[in-house]
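Quick notes on the structure that follows.
The values are calculated or read from the model by the stated rules, or taken from the named source; none is laboratory data. Keep in mind that this is a model prediction, so the values were computed, not measured. Here the Cβ positions follow ideal geometry from the backbone for every residue, glycine too, while neighbour counts run over all protein chains shown. Ligands, DNA and RNA are excluded from the accessible area calculation, which covers all protein heavy atoms including side chains. Shrake-Rupley method; radii C 1.70, N 1.55, O 1.52, S 1.80 Å.
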Amino acid sequence: MGTLRKNRKDNPKEVLNSKLKKGEVSHAQKGNIHVIKWRDTRDVSMISSKHKLDFENVVDKFGRSKFKPTTQTHPT
């Protein structure tokens, strides 16, 4: 798992060029590789071969509830 630079070779263009609003997500999968772009205060691009796309409810320091991507591994 790691962050992903937008200009990396062979990135899925439909995911990384998508315009997202706060809280939205774009996702592509090829085999067991997941590429995820998520927007909170800025765009975050991630790539993983061990994690599935899922969200969890998180409470911030002001008591507001948000959905953020989780890093749970695939069941084997």
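For Val44, tell me the accessible area in Å² from a 1.4 Å probe, rounded to the nearest 10. Roughly 50 Å² of Val44 is accessible to a 1.4 Å probe. Ranking Met1, Val44, Phe62 by Cα position along the charge dipole of the chain, where only Lys, Arg, Asp and Glu carry charges on their C-beta atoms, puts Val44 farthest toward the positive end.
Cross-link check: pairs Lys37/Lys66; Lys19/Lys68; Lys13/Lys61; Lys30/Lys66 evaluated at a Cα-Cα cut-off of 26 Å; pairs beyond the cut-off: Lys13/Lys61; Lys30/Lys66. With all protein chains in place and a 1.4 Å probe, the accessible surface of the chain carries 49 percent carbon and sulfur. Sorting His34, His27 by solvent-accessible area of protein heavy atoms yields His27, His34, largest first, with a 1.4 Å probe. At a probe radius of 1.4 angstrom, the accessible area of the chain per residue rounds to 77 square angstrom.
Subtracting the Cα-Cα distance of Lys9 and Ile47 from 0.36 nm times their residue separation leaves 12.4 nm of extension gain. Applying the Karplus relation 6.51 cos²θ - 1.76 cosθ + 1.60 with θ = phi - 60° to segment 32-43 yields 3J(HN,Hα) values of 9, 9, 10, 10, 10, 10, 9, 10, 10, 7, 8, 6 Hz, where x marks Gly and Pro.
Taking all protein chains together and a 1.4 Å probe, the residues Ile47, Ile33 rank Ile33, Ile47 from largest to smallest accessible area. Just one of [x] 40, 33, 15; [y] 29, 29, 17; [z] 36, 29, 24 is Cα extents along the principal axes in Å as worked out from the coordinates here. Which one is it? Among [x] 40, 33, 15; [y] 29, 29, 17; [z] 36, 29, 24, the one derived from this structure is [x].
A crude spin-label estimate for the pair Lys66 and Ile33, with each label 7 Å from Cα along the Cβ direction, gives 2.9 nm.
Rolling a 1.4 Å probe over the protein chains gives Phe55 an accessible area of about 70 Å².
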